[in-house]
1. Return the pairs, sorted by first residue and then second, in which the second residue is assigned to a loop (DSSP other than H, G, I, E, B) and charged (D, E, K, R), the first residue lies in the range 62-80 and is under 18 Å from LYS94 (Cα atoms), the beta carbons are less than 7 Å apart, and the residues are 6+ apart or on different chains.
2. Working only within the range 112-129, note down all residues that are of a type in the set (S, T, N, Q) and not in a loop (DSSP other than H, G, I, E, B).
3. I need the strands (runs of 3 or more DSSP E) fully contained in the range 1-111, keeping only those with at least 3 residues that are surrounded by fewer than 17 Cβ atoms within 10 Å (Cβ to Cβ), at pLDDT 95 or above and not β-branched (Val, Ile, Thr).
4. Cβ-Cβ below 7 Å, separation at least six or inter-chain, first residue in the range 34-48 and over 16 Å from LEU58 (Cβ atoms), second part of a loop (DSSP other than H, G, I, E, B): which pairs?
Amino acid sequence: MAINGLSKMAATALLLVLAIVPAAIAVTYTVGDTQEWSSGVDYTEWVKGKTFRVGDVLEFKYGSSHSVDVTTKAGYDNCDTSLSTVNHSGGDTKIELKTAGANYYICPTPGHCLNGMKLAVTVVSGTPAAPTPPSSTPGTPPTTPDSPPAAGTPPSTPDSPPAAGTPPATPAPPPRQSGASKGVMSYVLVGASIVLGYALWM
């Protein structure tokens, strides 16, 4: 096969891998959970405890008497449908969160927004932070209760300074990669393997 054709196949495989990586991290939130996008739901309470990130998706599921307007803060605060920028209908709307910052949604059916059918979410950029593993105090050797002190070594108390000639403490090892970053790295490695496989096979 010509080099040009091989380059195109390699580029296509790499693009597929890069498209998979964000999808592996993104989260889809069904707005209102089991109550969905409907009247009588406290959406201010619904957003509590959730972190919305760029790439996540809001899925609005609703009946024929509702729809979803993307609006401004003033449109959200005042339930003013004239400030809406986009209207969605059809009963199942998925909206990808593409930029960091505040996003506002209302139901434009008369009276619905005024009765609380409106949603404000704050979107942050980046992937979830890795949990910090517990670290031991640098220079503290593991203790073995049954091992006696070495000959000629005076017993030490917790507050006593280290004996002369004691080597300096070594720092604790760096924390391991988080599961999320390992997952992304795995996708990248799989993609690199696919590209190399195509190159060697052809």
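1. TYR62/GLU36
2. Step one: of the range 112-129, the residues of a type in the set (S, T, N, Q) are 115, 122, 125, 127.
Scanning the range 112-129 gives a single hit, THR122.
3. Numbers: elements: 28-30, 57-61, 68-71, 86-88, 92-96, 101-106.
Because the criterion is at least 3 residues that are surrounded by fewer than 17 Cβ atoms within 10 Å (Cβ to Cβ), at pLDDT 95 or above and not β-branched (Val, Ile, Thr), the strands (runs of 3 or more DSSP E) in the range 1-111 that meet it are 92-96.
4. Partner pairs satisfying both residue conditions: SER39/HIS112; SER39/ASN115; SER39/MET117; ASP42/GLY116.
The values are calculated or read from the model by the stated rules, or taken from the named source; none is laboratory data. Computed from a prediction, not measured in an experiment: that's the story for all the values here. Glycine also receives a Cβ, built like all others from the backbone with ideal geometry; neighbour counts cover every protein chain displayed.
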